[in-house]
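Questions regarding the structure given below will be posed in turn.
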Amino acid sequence: MSDSNNNERLELTKENVLYLWSKTYNTDGKPDWSHIFKYYSDDIVFQDSIQRIEGIDGFIALCNRLTDRCKELRMDIESIVKEENIIIMDWKMTMMFKKYPSTPIFGSTKLVLNDEGKIAMQRDYYDLWGDIFNGIPWFKKPYRKFMGKKFG
């Protein structure tokens, strides 16, 4: 399962995605995405709860900003499925910021592969504020009560 050659790309199977993403996040510090950028198309569209980025340069800049903001970042992929050109992962991401305690965020990622087998679209789904507010003891209960009353 080697992708040591800079131009060589593994086929994005479930097993290879797990392998590649496990090399990205570690328990010893900051993530390193450099080995997976070659798996993204130049016109990648990335979207999450906060932003929409178009193009590989913007996506790389996004990854670098996240690395700079976190003291440590870890991702545990809990499940993964692939159906034709779509890969979906459920994950738990733990971010350790410089001035704040660890914050676990639970979410899912949908990857859509183009005809070349590169990632053309990545959509991350997560409840950023809910997961962060769950970590604030005095705020968790009123926030959940508000959400249940207004949206439940």
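Nothing in this text is a laboratory measurement; each read-out follows from the coordinates by a stated rule. Everything numeric in this text was worked out from a predicted model, so none of it was measured. Positions of Cβ are backbone-derived with ideal geometry, glycine not excepted, and every protein chain shown enters the neighbour counts.
Between F37 and D127, how high is the FRET efficiency from 1/(1 + (r/R0)^6) when r is the Cβ-Cβ distance and R₀ = 25 Å? Nearest 0.05.
0.35
Now a separate question. To the nearest 0.05, how large is the calculated FRET efficiency for R65 and K23 if R₀ is 22 Å and r is the Cβ-Cβ distance?
Calculated value: 0.60.
Is the shape of region 58-152 best called rounded, prolate or oblate, per the rule: a/c under 1.5 gives rounded, else a/b larger than b/c gives prolate, else oblate, with a ≥ b ≥ c the square roots of the Cα gyration tensor eigenvalues?
oblate
How tilted is helix 137-151 with respect to the longest principal axis of the chain? Cα atoms for both, answer in degrees (0 to 90, nearest 10).
Roughly 80 degrees between the two axes.
Let me ask you something else. If you stretched the chain out fully between T13 and F151, how much longer would it get, using 0.36 nm times the residue separation minus the C-alpha to C-alpha distance?
Result: 45.9 nm gained on full extension.
Nearest 10 degrees, 0 to 90: what angle lies between the long axis of helix 56-69 and the longest principal axis of the chain (Cα atoms)?
It is inclined by approximately 40 degrees.
Straight-line reach from K140: which aspartates and glutamates have a Cα under 13 Å away, not including same-chain ones fewer than 8 places off?
Output for K140: D131.
For V112 and S79, calculate 0.36 nm times their separation in residues minus their Cα-Cα distance, and state this gained length in nm to one decimal.
Between V112 and S79, full extension yields an extra 10.2 nm.
Let me ask something additional. Counting pairs on different chains as well as pairs 8 or more places apart, how many Lys pairs in region 14-127 have Cα atoms under 13 Å apart?
8
Express the relative contact order of region 14-127 as a whole percentage, based on alpha carbon pairs under 8 Å and six or more residues apart in sequence.
25 percent
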